[in-house]
Amino acid sequence: QVQLVESGGGLVQAGGSLRLSCAASGRIFSIDAMTWYRQPPGKQRELVAGTTSGDSTNYADSVKGRFTISRDKAKNTVYLQMNSLKPEDTAVYYCNADVRTTFYSSGRNYWGQGTQVTVSS
């Protein structure tokens, strides 16, 4: 089994910064994509930023220039540095990873439990 554990959420004033972490553990052979999603109150979950095993990255337009995704492959950990935070960034942030548990298995999606980010105006 694979577990994803997020950390780093909290309450911050507008204009401030937070750094989220998501560590994957368990039976892991390899991880392809690692992605951050968020779900604002009363809204659907949306993609924030993603990175692949080849180090390509993509961002939602709403966070470009403010958020940076990075990854420590040795630690199976992905980070989300969030700067210039706005009240509209308030959401539960979830980590997602595409994990192969053996050489022969195909990738499977796993989700973390989420971490709350609240930005006050």
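Worth a mention:
- Every condition in (1) in contact (Cβ under 8 Å) with a residue 24 or more places away in the chain; (2) open to solvent by 60 Å² or more (accessible area, probe 1.4 Å); (3) part of a strand (DSSP E or B) is met by residue 25 except one, and the failing one is (2).
- Of all residues in segment 9-22 being over 15 Å from the mean Cα position of the chain (by Cα) and in a strand (DSSP E or B), the one that is nearest to residue 121 (Cα to Cα): 13
- Test: residue in segment 34-57 that is of a type in the set (Asp, Glu) and more than 13 Å from residue 96 (Cα to Cα): yes
- In segment 44-60, the residues that are surrounded by 15 or more Cβ atoms within 10 Å (Cβ to Cβ) and not in a loop (DSSP other than H, G, I, E, B): 48, 49, 50, 51, 59
- Any hit, segment 30-38, residues being under 11 Å from the mean Cα position of the chain (by Cα), part of a strand (DSSP E or B) and more than 15 Å from residue 114 (Cα to Cα): yes
- So residue 102, is it β-branched (Val, Ile, Thr) and either in a loop (DSSP other than H, G, I, E, B) or exposed (fewer than 13 other Cβ atoms within 10 Å of the Cβ) (or both): yes
Every residue, every condition in (1) in a loop (DSSP other than H, G, I, E, B); (2) open to solvent by 60 Å² or more (accessible area, probe 1.4 Å); (3) in contact with a Phe, Trp or Tyr (Cβ under 8 Å, 6 or more places away or on another chain); (4) of a type outside the set (A, V, I, L, M), yes or no:
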site: 42; (1), (2), (3), (4): yes, yes, no, yes
site: 69; (1), (2), (3), (4): no, no, yes, no
site: 78; (1), (2), (3), (4): no, no, yes, no
site: 85; (1), (2), (3), (4): yes, no, no, no
site: 96; (1), (2), (3), (4): no, no, yes, yes
site: 109; (1), (2), (3), (4): no, yes, no, yes
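The values are calculated or read from the model by the stated rules, or taken from the named source; none is laboratory data. Treat the numbers as computed from the prediction; the structure is a model and nothing was measured. Note that we place each Cβ from the backbone using ideal geometry, even for glycine, and neighbour counts take in every protein chain shown. SASA here: full protein model, heavy atoms, side chains in, ligands and nucleic acids out. Shrake-Rupley method; radii C 1.70, N 1.55, O 1.52, S 1.80 Å.
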